[in-house]
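**Student:** Before we start, here is the structure in question, set down as structure tokens.
The values are calculated or read from the model by the stated rules, or taken from the named source; none is laboratory data. Bear in mind that the values here come from a model prediction, so they are computed numbers and not experimental data. FYI the Cβ positions are ideal-geometry reconstructions off the backbone, even for glycines, and counts take in every protein chain you see. Accessible surface areas use protein heavy atoms only, side chains included; no ligands, DNA or RNA. Shrake-Rupley method; radii C 1.70, N 1.55, O 1.52, S 1.80 Å.
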Amino acid sequence: MDLDILGWNDFFVRGYNQYKDSGYHPGRVASQHKNIYRLLSEYGELTAKVSGKMNYEAVSISDFPAVGDWVVFSHANESEAVIHATLPRRTKFSRQVAGNMTEEQIISANIDTVFVVTALNKDFNLNRMERYLTLVWESGANPVVILNKADLCTDIEEKLSEVESITLGTPVFAISALNKNGLDKLNDYFTPGNTIALIGSSGVGKSTIVNSIIGKELLRVNDVRDDDKGRHTTSHRELFVLPQGGMIIDTPGMRELQLWGSRDSYKETYKDIEYYAKQCHFKDCHHDSEPKCAVKKAITNGKLDPRRLESYNKIQKELAYLSGRQEYLAQKEQLFKQYRTTLRKHNKKR
Ligand code: GDP
Ligand code: ZN
């Protein structure tokens with residue numbers, strides 16, 4: 001398998017350089033089931049486990065490979081490999097670990113393009129779309145908005161312009177996955193090496209879209225293998241290489257995403273508000289009751305939808321909360337690293 005087809009590029013080569021002399025090979029994670037990984041590589045598809053050393057040195061679960069990650073591996077035998085490290089991620093989707101307020105879990109890595117799917121009938125909700133867009137900017141990937149179920153909508157043009165008023169330059173396509181209408185508009189994204197994922201609420205048609213892109217044949221590639229206890233478990237691949245070029249990552253985790261992180265990505269979603277905010281009299285204006293507020297003025301003049309400011313404020317609150325939590329996480333991680341180092345020194349002495 002050609003690495004370029006799998007998305008190998010200069011960014012990952014830079015991460016790989018330090019392992020070149022060790023004889024490790026690069027591979028991309030196609031699926032993860034407990035501690036067993038499937039890798040795609042120059043040597044085809046391999047089953048892999050994380051090395052003892054990597055396991056021991058991992059500080060948080062985000063250090064372990066996730067679907068879409070590039071890793072370096074050595075061969076254990078003809079079909080099995082040992083993973084030694086995860087290469088730096090270009091983009092990532094993560095969420096907090098269930099039951100743990102602060103630990104980050106990587107859902108998928110190195111996605112280039114995200115189809116933000118919404119339905120033109122019942123699901124249509126601009127606030128939600130803004131949240132998804134923020135999430136995608138946050139990940140480092142580029143969003144593309146797909147308005148599905150065009151067959152159930154009588155005012156498509158109206159909906160399109162509503163959406164375009166909040167997407168600010170992000171491509172928007174109206175399609176009907178059921179009738180296979182307009183799917184060809186997405187062809188530009190199926191280019192060799194480009195990794196695509198879909199997000200959106202349940203029922204908007206993500207599976208239908210994936211099915212028609214991937215075709216039933218590929219989707220049926222399920223593999224059965226023994227787990228630790230000798231039982232058979234079925235897991236299906238979550239990264240598909242498309243015959244037309246490109247890849248699709250379809251993981252259950254992408255379906256229940258929450259906001260995570262504190263970078264300034266929401267500014268991208270709210271370019272319009274940021275534009276007016278720069279003209280406010282006070283630099284730290286909250287666009288609430290301050291005098292000479294350009295954002296409020298834009299609303300009064302009908303240049304800005306008040307709903308935009310509401311959802312902007314909501315997301316800011318959420319991000320403030322999250323960044324507090326991340327600081328806490330960073331401190332905790334630091335303590336844990338110190339603890340490990342001390343423990344190791346102590347063990348060496350004995
Ligand atoms: P998911 O939960 O986002 O994966 O949504 P599904 O792909 O499972 O689709 C949910 C339902 O919507 C299914 O009954 C689909 O047949 C239907 N559906 C998907 N795309 C379209 C479409 O373009 N038009 C119509 N009318 N129904 C669709
Ligand atoms: Zn203001």
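**Student:** Of the cross-linked pairs 149/303; 92/267; 278/303, which ones have a Cα-Cα span greater than 26 Å in the structure shown? Don't skip to the answer; put the middle values down first.
**Tutor:** Details: 149/303 30 Å; 92/267 18 Å; 278/303 15 Å.
From 149/303; 92/267; 278/303, over 26 Å: 149/303.
**Student:** Next question, about the same structure. Check residue 142: other-chain or 5+ apart residues with amide H under 5 Å from its amide H, H built from backbone geometry?
**Tutor:** Under 5 Å from the amide H of residue 142: 113, 114.
**Student:** Leaving out ligands, DNA and RNA but keeping every protein chain, what accessible area does residue 4 have, in Å² rounded to the nearest 10, with a 1.4 Å probe?
**Tutor:** Using a 1.4 Å probe on the heavy atoms, I get roughly 90 Å².
**Student:** While we're looking at this one, here's another question. Strictly over 23 Å apart at the Cα level, which of 53/345; 159/180; 122/297 would you flag in this model? Show your work: numbers first, answer last.
**Tutor:** Working: 53/345 16 Å; 159/180 20 Å; 122/297 33 Å.
Too far apart for the 23 Å limit: 122/297.
**Student:** A follow-up question, please. Protein chains only, probe 1.4 Å: how do 45, 130 rank by accessible area, largest first?
**Tutor:** 45, 130
**Student:** Just the number, please: carbon plus sulfur as a percent of the accessible area of the stretch 137-191, 1.4 Å probe, no ligands or DNA/RNA counted. All intermediate terms of the calculation are to be shown ahead of the outcome.
**Tutor:** Working: 1280 of 2650 Å².
After summing per-atom areas, the C and S share lands at 48 percent.
**Student:** Take residue 173 and residue 57, extend 7 Å from each Cα along the Cα→Cβ direction, and tell me the distance between the two endpoints in nm.
**Tutor:** The two pseudo-label positions are separated by 4.2 nm.
**Student:** At 1.4 Å probe radius, can you tell me the per residue accessible area of the stretch 117-191 in Å²? Kindly include the intermediate steps, with their values, before the conclusion.
**Tutor:** Numbers: 3340 Å² over 75 residues.
I get 45 Å² per residue for the stretch 117-191.
**Student:** Follow-up. Leaving ligands, DNA and RNA out of it, report the carbon-plus-sulfur percent of the accessible area of the stretch 13-66 at a 1.4 Å probe. Intermediate results must be reported in sequence, preceding the final value.
**Tutor:** Working: 1250 of 2680 Å².
Taking all protein chains in place, the stretch 13-66 shows 47 percent carbon and sulfur surface.
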